[in-house]
Amino acid sequence: MSYTHLTELEREFIARQLQEKQSKREIARRLGRNVTSICREVKRSCDEHGQYRPIHAHQRAHQNRRIARRPRKLASRYAEGLWAKVRFKLERAWSPNQISLWLQRAFPDTPDYQVSHTTIYHHIYLLPKGELKRQIVSNLRQEGKKRKSSTQGNGKTWIKELIHARPEEADLRVRLGHFEGDLLLGGKSSPGAVGVLYERTSRRVSLIKLERRDAYSAYQGFASVLKRMPVGACLTMTYDQGSEMAEHERISDATGIKVYFCDPHSPWQRGGVENTNGLLRQYLPKGMDMSELTQYQLHRIAMELNERPRVTLKGRSPNEVWTHMLDGLTFEEATNQPLLKI
(Lines give C-alpha, C1' and ligand atoms only; values in the text may rest on other atoms or scores of the structure.)
Protein backbone atom coordinates (compact mmCIF):
# COMPACT_ATOMS: atom_id res chain seq x y z
CA MET A 1 0.00 0.00 0.00
CA SER A 2 1.48 3.36 -1.03
CA TYR A 3 1.94 6.10 1.56
CA THR A 4 -0.39 9.13 1.51
CA HIS A 5 0.25 12.40 3.33
CA LEU A 6 -1.87 13.35 6.29
CA THR A 7 -4.79 15.58 5.35
CA GLU A 8 -5.87 18.77 7.09
CA LEU A 9 -8.90 16.95 8.55
CA GLU A 10 -6.69 14.18 9.92
CA ARG A 11 -4.46 16.73 11.62
CA GLU A 12 -7.47 18.41 13.22
CA PHE A 13 -8.64 14.96 14.40
CA ILE A 14 -5.20 14.31 15.93
CA ALA A 15 -5.36 17.63 17.80
CA ARG A 16 -8.82 16.85 19.26
CA GLN A 17 -7.80 13.35 20.30
CA LEU A 18 -4.68 14.64 22.04
CA GLN A 19 -6.81 17.16 23.94
CA GLU A 20 -8.98 14.24 25.05
CA LYS A 21 -5.84 12.47 26.34
CA GLN A 22 -6.02 9.66 23.81
CA SER A 23 -2.78 7.74 23.24
CA LYS A 24 -0.93 8.05 19.94
CA ARG A 25 -1.42 4.34 19.37
CA GLU A 26 -5.19 4.71 19.71
CA ILE A 27 -5.19 7.75 17.39
CA ALA A 28 -3.25 5.74 14.81
CA ARG A 29 -5.72 2.85 15.08
CA ARG A 30 -8.72 5.13 14.56
CA LEU A 31 -7.14 6.83 11.53
CA GLY A 32 -5.83 3.59 10.06
CA ARG A 33 -2.31 4.98 10.18
CA ASN A 34 1.00 3.61 11.40
CA VAL A 35 1.70 4.67 14.99
CA THR A 36 5.19 5.78 13.92
CA SER A 37 3.69 8.29 11.49
CA ILE A 38 1.51 9.77 14.24
CA CYS A 39 4.42 10.00 16.69
CA ARG A 40 6.61 11.69 14.10
CA GLU A 41 3.85 14.13 13.13
CA VAL A 42 3.20 15.17 16.73
CA LYS A 43 6.89 15.47 17.59
CA ARG A 44 7.75 17.83 14.73
CA SER A 45 4.61 19.98 14.98
CA CYS A 46 4.45 20.93 18.65
CA ASP A 47 5.11 24.48 19.87
CA GLU A 48 7.49 25.47 22.65
CA HIS A 49 4.84 24.46 25.22
CA GLY A 50 4.43 20.97 23.77
CA GLN A 51 1.04 21.80 22.22
CA TYR A 52 0.26 20.22 18.85
CA ARG A 53 -0.73 22.88 16.26
CA PRO A 54 -2.63 21.31 13.33
CA ILE A 55 -2.91 24.46 11.19
CA HIS A 56 0.80 25.21 11.48
CA ALA A 57 1.61 21.55 10.82
CA HIS A 58 -0.46 21.48 7.63
CA GLN A 59 1.00 24.74 6.32
CA ARG A 60 4.55 23.52 6.90
CA ALA A 61 3.87 20.18 5.22
CA HIS A 62 2.40 21.96 2.20
CA GLN A 63 5.44 24.25 2.00
CA ASN A 64 7.85 21.31 2.23
CA ARG A 65 6.09 19.49 -0.61
CA ARG A 66 6.17 22.63 -2.75
CA ILE A 67 9.91 23.04 -2.20
CA ALA A 68 10.52 19.36 -2.96
CA ARG A 69 8.71 19.69 -6.30
CA ARG A 70 10.65 22.80 -7.29
CA PRO A 71 13.12 21.95 -10.08
CA ARG A 72 16.76 22.29 -9.11
CA LYS A 73 18.79 24.74 -11.14
CA LEU A 74 21.00 22.11 -12.73
CA ALA A 75 17.98 19.96 -13.62
CA SER A 76 16.15 22.81 -15.36
CA ARG A 77 15.86 22.71 -19.14
CA TYR A 78 17.40 26.19 -19.14
CA ALA A 79 20.57 25.05 -17.35
CA GLU A 80 22.53 23.48 -20.22
CA GLY A 81 25.10 26.29 -20.18
CA LEU A 82 25.51 26.13 -16.41
CA TRP A 83 25.93 22.35 -16.42
CA ALA A 84 28.51 22.62 -19.21
CA LYS A 85 30.60 24.91 -17.01
CA VAL A 86 30.17 22.70 -13.95
CA ARG A 87 31.00 19.56 -15.92
CA PHE A 88 34.15 21.17 -17.37
CA LYS A 89 35.42 21.93 -13.87
CA LEU A 90 34.48 18.46 -12.58
CA GLU A 91 36.49 16.90 -15.40
CA ARG A 92 39.47 18.94 -14.21
CA ALA A 93 39.01 17.37 -10.73
CA TRP A 94 37.56 20.47 -9.06
CA SER A 95 35.35 19.70 -6.07
CA PRO A 96 31.69 20.85 -6.02
CA ASN A 97 32.58 23.27 -3.22
CA GLN A 98 35.33 24.84 -5.33
CA ILE A 99 33.00 25.09 -8.33
CA SER A 100 30.31 26.80 -6.24
CA LEU A 101 32.85 29.36 -5.00
CA TRP A 102 34.08 30.00 -8.54
CA LEU A 103 30.55 30.50 -9.91
CA GLN A 104 29.82 33.09 -7.22
CA ARG A 105 32.87 35.09 -8.23
CA ALA A 106 32.77 34.56 -11.99
CA PHE A 107 29.03 35.31 -12.39
CA PRO A 108 28.11 37.66 -9.51
CA ASP A 109 25.26 39.27 -11.48
CA THR A 110 23.71 36.01 -12.72
CA PRO A 111 21.52 34.54 -9.95
CA ASP A 112 20.72 31.45 -12.02
CA TYR A 113 24.41 30.51 -11.90
CA GLN A 114 24.58 30.63 -8.08
CA VAL A 115 24.33 26.99 -7.08
CA SER A 116 25.46 25.34 -3.88
CA HIS A 117 27.86 22.43 -3.69
CA THR A 118 24.94 20.33 -2.41
CA THR A 119 23.01 20.97 -5.62
CA ILE A 120 26.02 19.91 -7.69
CA TYR A 121 26.46 16.70 -5.70
CA HIS A 122 22.73 15.96 -6.04
CA HIS A 123 22.83 16.45 -9.80
CA ILE A 124 25.89 14.21 -10.18
CA TYR A 125 24.27 11.32 -8.39
CA LEU A 126 21.07 11.70 -10.41
CA LEU A 127 22.99 11.22 -13.65
CA PRO A 128 22.13 8.00 -15.50
CA LYS A 129 24.59 5.16 -15.15
CA GLY A 130 27.33 5.23 -17.74
CA GLU A 131 30.87 6.30 -18.50
CA LEU A 132 30.19 10.00 -17.84
CA LYS A 133 28.93 9.35 -14.32
CA ARG A 134 31.76 6.92 -13.56
CA GLN A 135 34.35 9.46 -14.70
CA ILE A 136 32.87 12.35 -12.71
CA VAL A 137 32.33 10.32 -9.54
CA SER A 138 35.88 8.96 -9.72
CA ASN A 139 37.18 12.54 -9.74
CA LEU A 140 35.37 13.20 -6.46
CA ARG A 141 37.14 10.44 -4.60
CA GLN A 142 40.13 11.22 -2.43
CA GLU A 143 41.77 8.27 -0.82
CA GLY A 144 43.35 8.95 2.53
CA LYS A 145 47.08 8.66 2.73
CA LYS A 146 48.53 6.09 5.08
CA ARG A 147 51.95 7.57 5.16
CA LYS A 148 54.90 5.33 5.85
CA SER A 149 57.29 7.06 8.19
CA SER A 150 60.73 7.62 6.76
CA THR A 151 62.24 7.77 10.24
CA GLN A 152 64.67 4.90 10.71
CA GLY A 153 65.41 5.40 14.38
CA ASN A 154 67.46 7.68 16.59
CA GLY A 155 70.89 9.10 15.91
CA LYS A 156 69.88 11.69 13.30
CA THR A 157 72.82 13.96 13.99
CA TRP A 158 72.06 16.03 10.89
CA ILE A 159 68.81 17.38 12.43
CA LYS A 160 69.59 20.87 13.69
CA GLU A 161 66.45 22.86 14.56
CA LEU A 162 62.95 21.66 15.33
CA ILE A 163 59.71 23.37 14.35
CA HIS A 164 59.41 25.07 17.74
CA ALA A 165 62.22 27.44 16.72
CA ARG A 166 60.48 28.44 13.49
CA PRO A 167 59.54 32.14 13.21
CA GLU A 168 56.05 32.98 14.43
CA GLU A 169 55.09 34.55 11.10
CA ALA A 170 55.23 31.08 9.53
CA ASP A 171 52.42 30.00 11.86
CA LEU A 172 50.40 33.15 11.20
CA ARG A 173 50.43 32.70 7.39
CA VAL A 174 50.78 36.42 6.69
CA ARG A 175 53.90 36.43 4.49
CA LEU A 176 55.00 34.45 1.44
CA GLY A 177 58.04 32.22 1.62
CA HIS A 178 57.29 29.66 4.33
CA PHE A 179 57.13 26.18 2.82
CA GLU A 180 56.35 22.63 3.86
CA GLY A 181 58.09 19.80 2.02
CA ASP A 182 57.70 16.07 1.49
CA LEU A 183 58.38 13.19 -0.89
CA LEU A 184 55.50 11.38 -2.58
CA LEU A 185 56.49 7.78 -3.25
CA GLY A 186 55.20 5.31 -5.81
CA GLY A 187 55.49 1.54 -5.94
CA LYS A 188 58.23 -0.27 -4.03
CA SER A 189 59.97 -1.13 -7.29
CA SER A 190 59.92 2.50 -8.45
CA PRO A 191 63.28 4.18 -7.79
CA GLY A 192 61.95 7.69 -8.34
CA ALA A 193 59.81 10.02 -6.25
CA VAL A 194 58.03 13.37 -6.47
CA GLY A 195 59.19 16.26 -4.32
CA VAL A 196 56.30 18.35 -3.00
CA LEU A 197 56.68 21.98 -1.92
CA TYR A 198 53.65 23.65 -0.31
CA GLU A 199 53.72 27.40 0.36
CA ARG A 200 51.82 27.92 3.61
CA THR A 201 50.27 31.34 3.00
CA SER A 202 49.11 31.11 -0.63
CA ARG A 203 48.65 27.28 -0.53
CA ARG A 204 50.57 27.15 -3.82
CA VAL A 205 52.16 23.81 -4.76
CA SER A 206 55.35 22.99 -6.68
CA LEU A 207 56.15 19.44 -7.81
CA ILE A 208 59.65 18.16 -8.56
CA LYS A 209 60.69 15.00 -10.40
CA LEU A 210 63.36 13.10 -8.47
CA GLU A 211 65.25 10.24 -10.08
CA ARG A 212 65.93 8.60 -6.70
CA ARG A 213 64.69 8.80 -3.13
CA ASP A 214 68.03 9.59 -1.52
CA ALA A 215 69.27 12.75 0.18
CA TYR A 216 71.42 13.92 -2.74
CA SER A 217 68.51 13.73 -5.20
CA ALA A 218 66.30 15.61 -2.73
CA TYR A 219 68.97 18.29 -2.36
CA GLN A 220 69.27 18.74 -6.13
CA GLY A 221 65.51 18.77 -6.72
CA PHE A 222 64.41 21.09 -3.93
CA ALA A 223 67.33 23.47 -4.41
CA SER A 224 66.66 23.78 -8.14
CA VAL A 225 63.09 25.00 -7.48
CA LEU A 226 63.79 27.15 -4.43
CA LYS A 227 66.61 28.99 -6.22
CA ARG A 228 64.06 30.24 -8.76
CA MET A 229 61.71 31.69 -6.15
CA PRO A 230 61.27 35.49 -6.22
CA VAL A 231 63.41 37.57 -3.87
CA GLY A 232 61.98 37.47 -0.35
CA ALA A 233 59.77 34.45 -1.05
CA CYS A 234 62.20 31.74 0.12
CA LEU A 235 62.40 31.91 3.91
CA THR A 236 61.76 28.59 5.67
CA MET A 237 60.93 24.97 4.88
CA THR A 238 59.40 22.54 7.38
CA TYR A 239 60.05 18.84 6.85
CA ASP A 240 59.63 15.58 8.71
CA GLN A 241 62.64 13.65 10.00
CA GLY A 242 63.03 11.57 6.86
CA SER A 243 66.60 10.69 5.91
CA GLU A 244 66.12 12.24 2.45
CA MET A 245 66.61 15.63 4.13
CA ALA A 246 70.06 14.77 5.48
CA GLU A 247 71.58 17.24 2.98
CA HIS A 248 69.41 20.13 4.20
CA GLU A 249 72.43 22.30 4.95
CA ARG A 250 73.41 22.16 1.27
CA ILE A 251 69.87 23.25 0.36
CA SER A 252 70.21 26.18 2.77
CA ASP A 253 73.62 27.14 1.37
CA ALA A 254 72.30 27.06 -2.20
CA THR A 255 69.05 28.95 -1.61
CA GLY A 256 69.24 30.82 1.69
CA ILE A 257 66.23 28.96 3.07
CA LYS A 258 66.17 27.81 6.69
CA VAL A 259 65.04 24.20 7.27
CA TYR A 260 63.10 23.16 10.39
CA PHE A 261 62.08 19.64 11.37
CA CYS A 262 58.84 18.32 12.85
CA ASP A 263 58.76 16.28 16.01
CA PRO A 264 58.85 12.51 15.38
CA HIS A 265 55.52 11.02 14.26
CA SER A 266 53.82 14.44 14.11
CA PRO A 267 52.45 14.85 10.54
CA TRP A 268 49.90 17.44 11.73
CA GLN A 269 52.79 19.88 12.23
CA ARG A 270 52.91 20.22 8.44
CA GLY A 271 49.29 19.47 7.67
CA GLY A 272 49.23 21.53 4.47
CA VAL A 273 51.58 19.27 2.54
CA GLU A 274 49.95 16.16 4.03
CA ASN A 275 46.57 17.30 2.71
CA THR A 276 48.14 18.14 -0.65
CA ASN A 277 49.57 14.63 -0.87
CA GLY A 278 46.03 13.30 -0.51
CA LEU A 279 44.88 15.47 -3.42
CA LEU A 280 47.84 14.36 -5.51
CA ARG A 281 46.82 10.72 -5.20
CA GLN A 282 44.02 11.53 -7.67
CA TYR A 283 46.77 11.96 -10.25
CA LEU A 284 49.58 9.82 -8.83
CA PRO A 285 48.02 6.69 -7.29
CA LYS A 286 49.85 4.38 -4.94
CA GLY A 287 51.91 1.79 -6.77
CA MET A 288 52.60 4.07 -9.73
CA ASP A 289 56.11 4.09 -11.19
CA MET A 290 57.14 7.70 -10.48
CA SER A 291 60.24 7.36 -12.66
CA GLU A 292 58.01 7.34 -15.76
CA LEU A 293 56.71 10.85 -15.05
CA THR A 294 58.09 13.91 -16.80
CA GLN A 295 58.62 17.30 -15.19
CA TYR A 296 56.13 18.76 -17.65
CA GLN A 297 53.43 16.34 -16.44
CA LEU A 298 54.11 17.35 -12.85
CA HIS A 299 53.96 21.01 -13.82
CA ARG A 300 50.51 20.48 -15.36
CA ILE A 301 49.24 18.71 -12.23
CA ALA A 302 50.54 21.50 -9.99
CA MET A 303 48.93 24.10 -12.24
CA GLU A 304 45.54 22.38 -11.93
CA LEU A 305 45.77 22.38 -8.14
CA ASN A 306 46.96 25.98 -8.04
CA GLU A 307 44.04 27.21 -10.15
CA ARG A 308 41.34 25.73 -7.92
CA PRO A 309 39.54 28.18 -5.61
CA ARG A 310 39.96 27.48 -1.90
CA VAL A 311 37.57 28.15 0.97
CA THR A 312 40.54 29.16 3.13
CA LEU A 313 41.39 31.84 0.54
CA LYS A 314 37.80 33.19 0.36
CA GLY A 315 37.24 31.57 -3.01
CA ARG A 316 40.54 32.71 -4.51
CA SER A 317 43.02 30.29 -6.02
CA PRO A 318 46.59 29.81 -4.75
CA ASN A 319 47.92 31.35 -7.98
CA GLU A 320 45.79 34.47 -7.46
CA VAL A 321 46.95 34.99 -3.87
CA TRP A 322 50.58 34.27 -4.80
CA THR A 323 50.49 36.81 -7.65
CA HIS A 324 48.75 39.52 -5.63
CA MET A 325 51.12 39.15 -2.67
CA LEU A 326 54.16 39.27 -4.94
CA ASP A 327 52.73 42.59 -6.15
CA GLY A 328 52.90 43.87 -2.58
CA LEU A 329 49.38 43.21 -1.29
CA THR A 330 48.80 41.80 2.17
CA PHE A 331 47.12 38.42 2.58
CA GLU A 332 43.87 40.13 3.59
CA GLU A 333 43.99 42.38 0.53
CA ALA A 334 44.92 39.50 -1.78
CA THR A 335 41.94 37.42 -0.68
CA ASN A 336 39.51 40.27 -1.39
CA GLN A 337 40.55 41.03 -4.96
CA PRO A 338 38.23 40.48 -7.96
CA LEU A 339 38.62 37.41 -10.16
CA LEU A 340 42.09 37.35 -11.69
CA LYS A 341 42.67 35.73 -15.08
CA ILE A 342 45.95 33.82 -14.88
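The values are calculated or read from the model by the stated rules, or taken from the named source; none is laboratory data. Small disclaimer: the values here were computed from a predicted structure and weren't measured. Note that we place each Cβ from the backbone using ideal geometry, even for glycine, and neighbour counts take in every protein chain shown.
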Review point. What are the residues in the range 280-296 that are out of contact with any helix residue (DSSP H, G or I) (no Cβ under 6 Å at 6 or more places or on another chain) and surrounded by 15 or more Cβ atoms within 10 Å (Cβ to Cβ), if any?
Key: Leu280, Arg281, Gln282, Leu284, Met288, Met290, Ser291, Leu293
Study note, to complete from the structure: Phe331 fails exactly one of (1) outside the structural domain of Arg203 (by TED's automatic domain parsing); (2) free of Cβ contacts under 8 Å to residues at least 12 places away in the same chain, namely (2)
Review point. Going by the conditions given, is Ser224 out of contact with any Ser or Thr (no Cβ under 7 Å at 6 or more places or on another chain) and outside any strand (DSSP E or B)?
Key: yes
Exercise for review: Hey, can you tell me all the residues within the range 276-313 that are in a helix (DSSP H, G or I) and among the hydroxyl-bearing types (Ser, Thr, Tyr)?
Suggested key: Thr276, Ser291, Tyr296, Thr312
Study note, to complete from the structure: Flagged in the range 290-342 as within 21 Å of the chain's Cα centre (by Cα) and of a type in the set (Lys, Arg), in numbering order, are Arg300, Arg308, Arg310, Lys314, Arg316
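Can we say Trp94 is outside any helix (DSSP H, G or I), within 20 Å of Thr335 (Cα to Cα) and modelled with pLDDT of 85 or more? Before you say what the answer is, go through the steps one by one.
Values: outside any helix (DSSP H, G or I): yes; within 20 Å of Thr335 (Cα to Cα): yes; modelled with pLDDT of 85 or more: yes.
Judged against the criteria, Trp94 is a match.
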Exercise for review: Report, by residue number, each residue of the range 172-216 that is among the small types (Gly, Ala, Ser) and either without any contact (Cβ under 8 Å) to a residue 12 or more places away in the chain or touching a helix residue (DSSP H, G or I) at 6+ places or on another chain (Cβ under 7 Å) (or both).
Suggested key: Gly181, Gly186, Ser190, Gly192, Ala193, Gly195, Ser202, Ser206, Ala215
Exercise for review: Report yes if some residue within the range 232-245 is surrounded by fewer than 19 Cβ atoms within 10 Å (Cβ to Cβ) and assigned to a helix (DSSP H, G or I); otherwise report no.
Suggested key: yes
Practice item. Quickly run through the range 230-265 and pick out the residues that are among the aliphatic types (A, V, I, L, M) and touching a strand residue (DSSP E or B) at 6+ places or on another chain (Cβ under 9 Å). Key: Ala233, Leu235, Met237, Met245, Ile251, Ile257, Val259
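Taking the conditions exactly as written (assigned by TED's automatic domain parsing to the domain that holds Ser190 and at positive phi), does Gly256 satisfy them or not?
yes
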Check your understanding: Taking the range 255-275, which residues are hydrophobic (A, V, I, L, M, F, W, C) and either part of a strand (DSSP E or B) or surrounded by 16 or more Cβ atoms within 10 Å (Cβ to Cβ) (or both)?
Key -> Ile257, Val259, Phe261, Cys262, Val273
